[in-house]
Amino acid sequence: SHLRSTDIRTDNSPLQIFVKAKKKINDIFVEIEDYVQDTVGFMKSLQAERNIVTAEEAERIESYVDKVHAIRDVLKRDHMKVAFFGRTSNGKSTVINAMLRDKILPSGIGHTTNCFLQVEGSDNGESYLITEGSTEKQPVQSVGQLGHALCKEKLCESHLVRIFWPKEKCLLLRDDVVFVDSPGVDVTPNLDEWIDKHCLDADVFVLVANAESTLMVTEKNFFHKVSTKLSKPNIFILNNRWDASASEPEFFEQVRAQHQERAVDFLSRELKVYTPKDAEERVFFVSAKETLQARMQEQRGQPSHNGALAEGFQTRYFEFQDFERKFEECISKSAVKTKFEQHSQRGKHIATEIRQTLDEILDRTQKMKSEQLHVKKDVHDKLNYTEQQLMLLTQEMKDKIHHMVEDVEQRVSKALSE
Ligand code: GDP
């Protein structure tokens, strides 16, 4: 028997790249917030005392408090997003359930997903759903209930229903992965609207194809549209229902080679998102249904299969795990880049602006000091003392900010290169 994959993944999951980067950048912003607050206090004291700082300057620095706060809010909500596409019944919901290790999304006959479903982690062990345009939390205890709740809502196909599932039930949810299941690409004419609404911020796209048939024009079209809007989308192709091939071993190799070649061709020559060699690494032959069953068995403490499964189960199961590993690496790197690079640029920008303002203030105090040289001696001495104090203080603040700017830059580049 093999190791339970949950155990292997706990500590060295590639998702930790994102999780750690998020923590780091958040810490950096906590520091930036402190520095901004300090500077605001410092400038207020200068303003009250000597009119050295203009109201406009003080306001500008003060406005950074809100900006930093807003960035920290966005940071808290930043996540990794994976969106699943494919024709109806190819097994999108089953793939998501297999990855979540539980039957969370309704699947199968009569449960065609007719809107977008987003699964994300919730705190406090709660499970509920929220429909688009509403803030009401509808509690969900079971898949049956979820299916029912989804049926009774009048849902437009481009609408989004958010399903919140306890973080502690799944490592992917705990590590801020958000799953999006789509209605089948065969049922909609509104691909553009879909893409604009739900896909522009996706880090990874998974095309769930049916290994029993070839890639359809509708499936390809969708990705053609995506790649006109996103310069280099990250795409994986899962040839699902590969268990069905077990019944026809005489064609197995041939069918696989053909699917592989077509998928690689699609990703490299048609979409031009990968080289043929890299594209090879993005195509998998799996059975979501078997994987889900196996995992639910494992969850109950039973062996992953009881011998009644189709031949080649173990290989397909490993291939699914291989997909997950590469998926995790890809999604966390992509999310760090797209999400945190922007924040770190903004952090640097704020730090630099503050430094500039403080530089200007220091210059001004120095000028004032030289102008005051021809003021009466006693007044001059008194002023001189205050000026010195002020200069020391400004210099100290400047050093502090200078240090912060360097610190921010260093930590950001270190975090990004890690
Ligand atoms: P969706 O419409 O793309 O979300 O497809 P579903 O996940 O609802 O799956 C449709 C049907 O195909 C369900 O009855 C699943 O149990 C079945 N199915 C999904 N994956 C597999 C698979 O890998 N092998 C087999 N044999 N059936 C599958």
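What does the charge count near Ser107 come to, summing +1 for each Lys or Arg and -1 for each Asp or Glu among other residues with Cβ under 10 Å from its Cβ?
+2
Only Lys, Arg, Asp and Glu count, each charged at its Cβ (+1, +1, -1, -1), so figure out the dipole size of segment 184-296 about its Cα centre, rounded to 20 debye.
Dipole size: approximately 280 debye.
Give, as a single signed number, the net charge of other residues whose beta carbon lies under 12 Å from the beta carbon of Ile61, with Lys and Arg counted +1 and Asp and Glu -1.
With Lys, Arg at +1 and Asp, Glu at -1, the net is -4.
Rank the residues Arg262, Arg77, Arg87, Arg60 as a footprinting-exposure proxy: fewest other Cβ atoms within 10 Å of their Cβ go first.
So the ranking, lowest neighbour count to highest, is Arg77, Arg60, Arg262, Arg87.
Report the relative contact order of segment 155-243, percent, no decimals, based on alpha-carbon pairs under 8 angstrom and at least 6 residues apart.
Reported as a whole number, the value is 30 percent.
For Asn124 and Glu281 in one chain, what is 0.36 nm times their gap in residues minus the Cα-Cα distance, to one decimal in nm?
52.7 nm
I'd like the distance separating the alpha-carbon centroids of segment 16-59 and segment 159-174, in whole Å.
A separation of 35 Å, based on Cα centres.
Give me the extension gain from Arg364 to Gln145: residue separation times 0.36 nm, minus the current Cα-Cα distance, reported in nm with one decimal.
Length difference between fully extended and current span is 72.0 nm.
Below 12 angstrom from the Cβ of Ile195, what's the summed charge of the other residues (Lys, Arg +1; Asp, Glu -1)?
Net charge in that neighbourhood comes out at -1.
5 Å is the cut-off here: which amide hydrogens, built 1.01 Å from N in the peptide plane, fall below it relative to Val185, excluding neighbours closer than 5 in sequence?
Amide H neighbours of Val185: Gly86, Arg87, Thr88.
Within 10 Å, count the other beta carbons around each residue, average over each peptide in 212-218, 360-366, 201-207, and list them highest first.
The most tightly packed comes first, giving 201-207, 360-366, 212-218.
Quick note: the coordinates plus some simple rules give every number you see, no bench work behind them. What you see is a predicted model, and the numbers here were worked out from it, not measured in a lab. A quick note on method: Cβ atoms are made from the backbone with ideal geometry, for glycine too, and the neighbour counts reach across all protein chains shown.
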